Each structure stands twice: as structure tokens, then as C-alpha cells.
1. Residue under question is L143, and the condition is that it be within 20 Å of I238 (Cβ to Cβ), of a type outside the set (D, E, K, R) and outside any helix (DSSP H, G or I); does it hold?
2. Scan segment 122-138 for residues that are over 18 Å from M55 (Cα atoms) and touching a Ser or Thr at 6+ places or on another chain (Cβ under 9 Å) and jot them down.
3. If you go through segment 158-198, how many residues are farther than 30 Å from I79 by Cα and in a helix (DSSP H, G or I)?
4. Only one of (1) polar (S, T, N, Q); (2) assigned to a helix (DSSP H, G or I); (3) touching a residue at least 60 places away in the same chain (Cβ under 8 Å) fails for S71. Which number is that?
5. Mind checking whether some residue in segment 78-89 is in a helix (DSSP H, G or I), within 19 Å of I57 (Cβ to Cβ) and among the charged types (D, E, K, R)?
6. Which of the residues spanning segment 183-208 are touching a residue at least 40 places away in the same chain (Cβ under 8 Å) and among the hydroxyl-bearing types (S, T, Y)?
7. Could you tell me whether segment 21-35 includes any residue that is surrounded by fewer than 16 Cβ atoms within 10 Å (Cβ to Cβ), within 18 Å of the chain's Cα centre (by Cα) and either under 18 Å from P133 (Cβ atoms) or modelled with pLDDT of 95 or more (or both)?
8. Could you tell me whether S225 is closer than 20 Å to A146 by Cα, of a type in the set (G, A, S) and either at pLDDT 80 or above or surrounded by fewer than 19 Cβ atoms within 10 Å (Cβ to Cβ) (or both)?
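The values are calculated or read from the model by the stated rules, or taken from the named source; none is laboratory data. Keep in mind that this is a model prediction, so the values were computed, not measured. Don't worry about glycine lacking a Cβ; one is built from the backbone with ideal geometry, like all the others, and counts go over all protein chains shown.
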Amino acid sequence: MNDRKIVAIYLIGTFGITYLAWWIIVLANQVGYLKAGTVAFWPVYIIGGLASTLMGIILAIKTERNSSVLSVMRTAFNIKQPIKFYGLILMFFILSFGFPSEFGKWYIGIIYVFYMIFFGGLEEIGWRYIFQPTLEKHLPFWLASAITAILWAVWHLPLFFIDGMNKGSDFSMFVLGVLGMSFMLGAIYRISSSLWLCVLFHGMINAFSQVWKSPTYVNNEFVSSLIQTMIKISISVILVYLADIRKSVKLD
């Protein structure tokens, strides 16, 4: 299977499943059905959320990266990684949240991590394990990360129209957050080749964003988020550049 076909199948499947499920919820909300949090809401919502994971698993097997669903899951939860790579995600975590002055809810974040790994983190089987590495075969890291970020943000778009979801959230702020996160996740995978570390970091960011706020650089929230995003992008690109140089030196 060539790379163009991999990208096409992944995007058609991921957007097709998610948009069908989540826009059904949006339409049903207009007549009072499938309200967020209700029993009927969850199955449809979860189906939409699992699209990236499902397509990632299918393509991992089709392209013979893995032999079975179990093999993909073993890769996704391969926690035995060098300490330096755990240090990498810790650095990105601190970059995202700083050092909170109050740690009163840190334990809630830790509890959330386990939940968010399964409902969020496993998206990485699709986005970072299959899609972005395929783009990187033909595009520079920064461009592949930017394209992935834009598509990833647009993939979430229906959530902003579901009653009770992302209430009061600004999509432009969300896009900035996704852009920075996409570069960090891309760097984590490019440097470590570990799907697990991407799954874990995604879960950590989703979990702690519920209890901690990102550092503020200026009074304007959008400008502050823009500055933070640019810092994340710059550090990610520099780290990937240095890692690539190191790999090329070893090969020589």
C-alpha cells in the first residue's frame, strides 16, 4: 500500500466515522435528543471518538507494522522506554503547565490520566503512529506537524456544536493548543519512536488541563496562548533537528 493511499484511507475513515457520529448528535440536539451526558449520548459519542484509533489499528495491520490488534495494543502500552525519553515528556509537560503555585488538585489529575489514556490518548495510534510518520516520509517535520495539527483540530470541530460540550470554549484558542501539542507529540515520536510515550503524554495533557491552567505570559489570553504555542513549536523543531543530526552522525 503506497503512502498516498494510507493517508487517504486514514482521513476518509477517521473523518467519516467521527463526523457521521458527532454531527448526528448535533442534529439530534436541535430536537432535544442525545443531550451530553445522557445514556443514549455516550455510545454515539464514543464511536466518533474511537475513529482515529480504529483506523490506526486497521492500517497498522494492513501495512504490516503490526500483525494483529493485540500487537498494536502491546506497542501502544510498551512502557519499557529509556528514562531520558520519560524526561522528554516531563519537560514538555512542564512547558505546557509550568510549576503550579498550588498543588491541591494534583491527585485528581493523576486519576484522570488513566481515564484520558483510553479516551484520548489512544487517538495517537492513528495520528502519530500512522498518519504523521507517513507525511514525514515526504515532508519536513515542521510541515507534517502543522498539517497534522490543522486536520486534528478540524476533526474535533463538531464538539463545539454539541450542547454541553466545550461550553464557552473558543475554537481559535483550541486550535492554538492543538498546534503546540501536535508539534510536541510529533517530536516525542520522532525522537523516541515510542507510541506509548505519545499515548501517555496525550493523556497527561488532557487530564491536567482539567485541573491546572497553562502559564500566562501577558494579560491577553489569546496572545499568551500564541506565545506559548510558538515556544512549544520552536523547542520541538530544535529538538528534532538535534536528534536527526545525532542519528546521522551515528550512521556515518
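1. For L143, the condition - within 20 Å of I238 (Cβ to Cβ), of a type outside the set (D, E, K, R) and outside any helix (DSSP H, G or I) - is not met.
2. Listed by number, the list holds a single entry, E136.
3. Number of matching residues: 7.
4. Just one mismatch for S71, condition (3).
5. Step one: list which residues in segment 78-89 are in a helix (DSSP H, G or I), which gives 83-89.
Filter once more, so that each one left must be within 19 Å of I57 (Cβ to Cβ): none.
Within segment 78-89, none of the residues are in a helix (DSSP H, G or I), within 19 Å of I57 (Cβ to Cβ) and among the charged types (D, E, K, R).
6. Listed by number, the residues that qualify are Y189, S192, S194.
7. No - not one qualifying residue is present in segment 21-35.
8. yes
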